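Below: the structure, in structure tokens.
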Amino acid sequence: MKCLFLYNPESGKGKVKKHLPLILRMLSEKYETDLVATSSGADMEERARAAIGVYDLVVFSGGDGTFHNVLQGIGDADMQLGYLPAGTVNDVARSLGIPRRIKGALKVILGGRSELLDCMRVNGTHYCMYVAALGTATNVTYETPQRSKRALGWFAYAFRGLRRNMRFKIFRIHGVCGDEEFAHTGVLALIMNGRSVAGFKVNRGASMQDGMLEAAIVKQTERPNLFRKWGAYFAVAGLMLGGIKRRRKRVAVYRGNRILIGGVSDMVWDFDGERGVAGDIEVEVLPKRVRLMVPAKRKI
């Protein structure tokens, strides 16, 4: 059987390059393996697309952005994937319980189980694995320089977020989730398929196999006084630290298999930590669309 290993040499702190002999040795015990270093997200996407029908398994290493690129490449194809998380945060790996140590993740690929996982499709053409986000600090992941991420890891995101996002931008948002319509003024909106966002278990108890999405909107008045401004900071912190299961006055939560969002034409969405599209979106869950190796005894 044939395996293609794709890796982003710039992800995380470049640790994958140090482990290439181990990766090749372990994969070669079971597969005829080709190694390819990608030069960009677009290159990763194209290499994944070209592997369809040629390889039995595509293993890729990088962060959540790399996972996002591979997802665009394989699209609707039924391709067996294996993931070595080597990014700064690795939310997909956290959601699925995939070890963030190279050797542990390789053991999952070689001895775990293959599962079909849900993903999201935006506006009928774009795929997301775990989150579509709008509002405060959501641009941090793709605007933080790579050199800062390699030097500081997760703290690079934190420093940039504090420096650039202390004044929350307030936006009006309206939408439909299932049979429920909503309209809010807010500072942050999350549409989630996974459990983890920015390294926090925001969506505890969620599953990537239940055919459902969860949405959370942190509300704010249009012209907040100082008390309400501080209230928004605490609401965002509470959501990230405590998750959506705890009822909060300032956080609206919705659940369904299709979510339409309008009223945000001048704002840019974040898709899996990558810059997405601007404006209104329609997000639908695609049940059991991504075939991935996961830990043998882990509940997904």
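The values are calculated or read from the model by the stated rules, or taken from the named source; none is laboratory data. Since the model is a prediction, treat every value here as computed from it, not as a measurement. Methodologically, a virtual Cβ is constructed for each residue, glycine included, from the backbone with ideal geometry; neighbour enumeration extends over all protein chains shown.
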Quiz item: Out of all the residues in segment 103-127, which are assigned to a strand (DSSP E or B), touching a Lys or Arg at 6+ places or on another chain (Cβ under 8 Å) and not polar (S, T, N, Q)?
Solution: E115, L116, L117, D118, C119, Y127
Quiz item: Out of V218, V236, V253, V202, which single residue is in a helix (DSSP H, G or I), within 30 Å of I98 (Cα to Cα) and of a type in the set (V, I, T)?
Solution: V236
Quiz item: Tally time: how many residues in segment 30-47 are polar (S, T, N, Q) and either surrounded by fewer than 14 Cβ atoms within 10 Å (Cβ to Cβ) or on the phi > 0 side of the Ramachandran plot (or both)?
Solution: 2
Exercise. Would you check which residues across segment 134-192 are exposed (fewer than 15 other Cβ atoms within 10 Å of the Cβ), within 22 Å of the chain's Cα centre (by Cα) and either at pLDDT 90 or above or of a type in the set (D, E) (or both) and list them?
Key: E143
Practice problem: Kindly list, by first and then second residue, each pair from a residue in segment 194-216 that is outside the structural domain of G178 (by TED's automatic domain parsing) and surrounded by 20 or more Cβ atoms within 10 Å (Cβ to Cβ) to a residue that is among the aliphatic types (A, V, I, L, M) and not in a loop (DSSP other than H, G, I, E, B), limited to pairs with Cβ atoms under 8 Å and residues at least 6 apart or on different chains. | Solution: none
Exercise. Look through G65, G73, G104 and report the one residue that is in the same structural domain as E10 (by TED's automatic domain parsing) and within 19 Å of V268 (Cα to Cα).
Key: G65
Quiz item: Tally time: how many residues in segment 239-252 are buried (at least 16 other Cβ atoms within 10 Å of the Cβ), under 19 Å from A132 (Cα atoms) and either free of Cβ contacts under 8 Å to residues at least 60 places away in the same chain or touching a helix residue (DSSP H, G or I) at 6+ places or on another chain (Cβ under 8 Å) (or both)?
Solution: 5
Quiz prompt | So R100, is it among the basic types (K, R), closer than 21 Å to D272 by Cα, without any contact (Cβ under 8 Å) to a residue 40 or more places away in the chain and surrounded by fewer than 24 Cβ atoms within 10 Å (Cβ to Cβ) | solution = yes
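So that you can scan it fast, the table gives a plain yes or no per residue for (1) among the hydrophobic types (A, V, I, L, M, F, W, C); (2) under 19 Å from the mean Cα position of the chain (by Cα):
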| site | (1), (2) |
| --- | --- |
| M26 | yes, no |
| E29 | no, no |
| D34 | no, no |
| A37 | yes, no |
| E45 | no, yes |
| R49 | no, no |
| I52 | yes, no |
| Y55 | no, no |
Exercise. Determine if segment 48-67 includes at least one residue that is surrounded by fewer than 20 Cβ atoms within 10 Å (Cβ to Cβ) and in a helix (DSSP H, G or I).
Key: yes
Quiz item: Within segment 259-289, can you find the residues that are touching a helix residue (DSSP H, G or I) at 6+ places or on another chain (Cβ under 7 Å) and either farther than 13 Å from G135 by Cβ or without any contact (Cβ under 8 Å) to a residue 12 or more places away in the chain (or both)?
Solution: F271, D272, G273, E274, R275
Quiz item: Can you spot a residue in segment 225-232 that is charged (D, E, K, R), touching a residue at least 60 places away in the same chain (Cβ under 8 Å) and part of a helix (DSSP H, G or I)?
Solution: yes
Quiz item: Taking segment 256-269, which residues are at pLDDT 95 or above and either in contact with a Phe, Trp or Tyr (Cβ under 8 Å, 6 or more places away or on another chain) or in a loop (DSSP other than H, G, I, E, B) (or both)?
Solution: N257
